[in-house]
Amino acid sequence: MTAQAPHSHHTHNEKMSSFSLAAHSQTWRHKLRRVTTIFREEGLKSLWIKLLRGVGAARWELLWERPLDVPLENVTAKVSVQIEVLDQIHVVDYLQFRPDANPADIGRRLASGQWCFIARHQRRIVHADWIMTGQVWLAYLACELPLAPDEVYSYDSFTSPEFRGQNIAAARSVYMQRTMQESGYKRVVTMTLPDNQAAIRMHERAGYRRLGSIGYVQLGPWRWQFCRIRRGARLPGSPP
């Protein structure tokens, strides 16, 4: 007589269902641990911001300004860096620094007259920030930020992870401010996510002050854009 394998009481669908439930349970446990970690390390405010941003119900950023009609204080990086403006010849260096960047997009930025301020350590780019003028499209907030002729917008600031905390961004920012000041501009405008404490501290060290906030709140198909500015402050894009 031929022996037969014992018959399983679980069908294929039941096994798949059990697997799906287990995976679903693991996903929720991971999310719960993530929520607990954010609450413990960053506080309730940061957790609330991330939850709203995650479901797309609201997005906003903090607006910052740096007046350039005042004396600028020097900020020194903790490591030796050379700060300069990127040119077309050295775009390949930038792409090694930011391999996620689109070469065609970088070329268009430079061709349109944007500035890219870079910091090199031992000839290697370790930090960069972009400056533009005119009408700024804020893709994350799906709106435009107009700039007055005497204003510039600072964006896409990035520091190599191993060089963070070395005051490089603040030192580059002051160098950039002085260059824009000498070019006749009166104010730098920039933005940070409200829970990005590292960026907030860097801007404060570089002399920026809170200007307000800009973003949107969405409920179903309805979206309300907002831009709140500090009392008595100048709205970006308005005449000086």
So how many residues does the stretch 162-200 have that are assigned to a helix (DSSP H, G or I) and either of a type outside the set (A, V, I, L, M) or touching a helix residue (DSSP H, G or I) at 6+ places or on another chain (Cβ under 7 Å) (or both)?
13
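Yes/no per residue for (1) over 17 Å from the mean Cα position of the chain (by Cα); (2) modelled with pLDDT under 95:
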residue	(1), (2)
GLN177	yes, no
GLN181	yes, no
TYR185	yes, no
VAL188	no, no
MET191	no, no
ASP195	no, yes
MET202	no, yes
ARG210	no, no
VAL217	yes, yes
GLY232: passes all of (1) more than 19 Å from ALA58 (Cβ to Cβ); (2) in a loop (DSSP other than H, G, I, E, B); (3) touching a residue at least 12 places away in the same chain (Cβ under 8 Å) but (3)
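Looking at the stretch 203-220, is at least one residue under 15 Å from ASP69 (Cβ atoms), among the small types (Gly, Ala, Ser) and assigned to a loop (DSSP other than H, G, I, E, B)? Break it down into steps so the answer makes sense when it comes.
Initial filter on the stretch 203-220 (under 15 Å from ASP69 (Cβ atoms)): 207-209.
From what's left, among the small types (Gly, Ala, Ser): 207.
Applying the additional criterion that residues be assigned to a loop (DSSP other than H, G, I, E, B) yields 207.
There is at least one residue in the stretch 203-220 that is under 15 Å from ASP69 (Cβ atoms), among the small types (Gly, Ala, Ser) and assigned to a loop (DSSP other than H, G, I, E, B).
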Going by the structure shown, is GLN122 without any contact (Cβ under 8 Å) to a residue 60 or more places away in the chain and either more than 29 Å from ALA58 (Cα to Cα) or in contact with a His (Cβ under 7 Å, 6 or more places away or on another chain) (or both)?
yes
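Counting only residues that are in a helix (DSSP H, G or I) and basic (Lys, Arg), which one in the stretch 92-111 is surrounded by the most Cβ atoms within 10 Å (Cβ to Cβ)? Break it down stepwise before answering.
At the first step, the residues of the stretch 92-111 found to be in a helix (DSSP H, G or I) are 92-97, 103-111.
Then keep just the ones that are basic (Lys, Arg); that gives 108-109.
Values: ARG108: 11, ARG109: 20.
So, considering only residues that are in a helix (DSSP H, G or I) and basic (Lys, Arg), the one surrounded by the most Cβ atoms within 10 Å (Cβ to Cβ) is ARG109.
Looking at ARG120, is it surrounded by 15 or more Cβ atoms within 10 Å (Cβ to Cβ), of a type in the set (D, E, K, R) and part of a helix (DSSP H, G or I)? It would help to see each step written out before you state the result.
Numbers: surrounded by 15 or more Cβ atoms within 10 Å (Cβ to Cβ): yes; of a type in the set (D, E, K, R): yes; part of a helix (DSSP H, G or I): no.
Here the answer is no, as ARG120 does not meet what is asked.
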Kindly list the number of the only condition in (1) more than 24 Å from ARG205 (Cα to Cα); (2) without any contact (Cβ under 8 Å) to a residue 60 or more places away in the chain; (3) of a type outside the set (Ser, Thr, Tyr); (4) part of a strand (DSSP E or B) that fails for PRO149.
(4)
Looking at (1) touching a residue at least 40 places away in the same chain (Cβ under 8 Å); (2) over 26 Å from GLN218 (Cβ atoms); (3) small (Gly, Ala, Ser), which is the one condition that is false for GLY134?
(1)
What are the residues in the stretch 125-141 that are in contact with a Phe, Trp or Tyr (Cβ under 8 Å, 6 or more places away or on another chain) and either in a loop (DSSP other than H, G, I, E, B) or closer than 12 Å to THR159 by Cα (or both), if any?
ILE125, VAL126, HIS127, ALA128, ASP129, THR133, LEU141
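Working carefully through the options CYS116, CYS143, find the one that is of a type outside the set (D, E, K, R) and at pLDDT below 95.
Values: CYS116 fails: at pLDDT below 95.
Of the residues listed, the single one that is of a type outside the set (D, E, K, R) and at pLDDT below 95 is CYS143.
The values are calculated or read from the model by the stated rules, or taken from the named source; none is laboratory data. If you're wondering where the values come from, they're calculated on a predicted model, not measured in any experiment. Here the Cβ is made from the backbone with ideal geometry for all residues, glycine too, and neighbour counts use every protein chain on show.
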